[in-house]
1. Measuring from centroid to centroid over Cα atoms, what is the spacing of segment 210-269 and segment 85-100 in Å?
2. Per residue of segment 250-261, what does 6.51 cos²θ - 1.76 cosθ + 1.60 with θ = phi - 60° give for ³J(HN,Hα)? Whole Hz please, x for Gly and Pro, Karplus curve as stated.
3. Which whole-number percent of Cα pairs in segment 58-141 have a distance greater than 16 Å?
4. Could you tell me what a quarter of the Cα convex hull surface of segment 91-134 works out to, in nm² with one decimal place?
5. Quick one: give the max-minus-min coordinate of the C-alpha atoms of segment 200-269 along each principal axis, largest first, in Å.
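All of the numbers you see were taken from the coordinates with simple rules; none came from a lab. The structure presented is a predicted model; accordingly, all values stated were derived computationally and were not measured.
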Amino acid sequence: MTTADFAWLAVPARGLATTLFVSGVIWLMERSSPFIGGIVLALPIVTAPAYFFILLQHDPVFVAHAALGSLATLGAVLLFLATAIAMLRRFPMRLALPSALAAWFATGLLIDTLPASLATSLAVLILAALTAAYAGARVPLTAPAARGRSPLYEVLLRGAAAGLLVASVSALAGLLGPRLSGVFASFPVALLVVCAFLPRRLDVAGIRAGLRATQIGLASHVPFFLSLILLGPAIGGYPAFLIGSAGSLGVALLLGLVRLAVTRRRPGA
């Protein structure tokens, strides 16, 4: 199979992965706490398939450069969430989402002008994380349960909408170099679709709690990208991919256990 064949195969594969992921997140958020749904939403389940197919097409050095862009773009996703959380205090989701998307694009454009280095990516990420932590410090992580549950066909249709959008973004990213491919690999497509439908089942407090949990859960992306950046050129792309994926799941599990311990000590926290 040629490189071009892999490139075309990556588009529907990532779209299918997104369809299943978004459907599962919406299903989970309606049946569990916003915190658990937010942590799951933050997992790199949409990003990982993109990198798997990038690995099939390019050498580990190219992948490491793309991951540098994605690591920095996590900062843009954090600011996307911080903007949505802040806007939802006074405005409906239909106004909050465009504002959040504008924050993502503005940060992404800034990232594209910065030097491509690990120090730069970490600096952008840390600055955005501190901003998001300050902005979300007063957002409770406990919120009322969802109002009813969506039928299965509706959940799948929402997921399919996300899958189509991801496939379109993936096709565009394939025309770009490693830096911009990494930036677009972290485009918050799943977040956009999930946020668009959450107001139907969750009140504002529940949505803000879920998005704040997603901010916290984005820490699970860090070992994934660092593994591709630091280990990929040394040990190969596929071992680095597996190590990074395991690290992401480990971070998400740790966050869930810490949250469980906190709620047991302070019920209602």
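1. Here the answer is 27 Å between Cα centres.
2. x, 5, 4, 5, 4, 4, x, 5, 5, 5, 4, 5
3. 55 percent
4. Working: hull surface 14.3 nm².
Computed as one quarter of the Cα hull surface, the answer is 3.6 nm².
5. Taking the Cα atoms of segment 200-269, the three principal extents are 46, 31, 15 Å.
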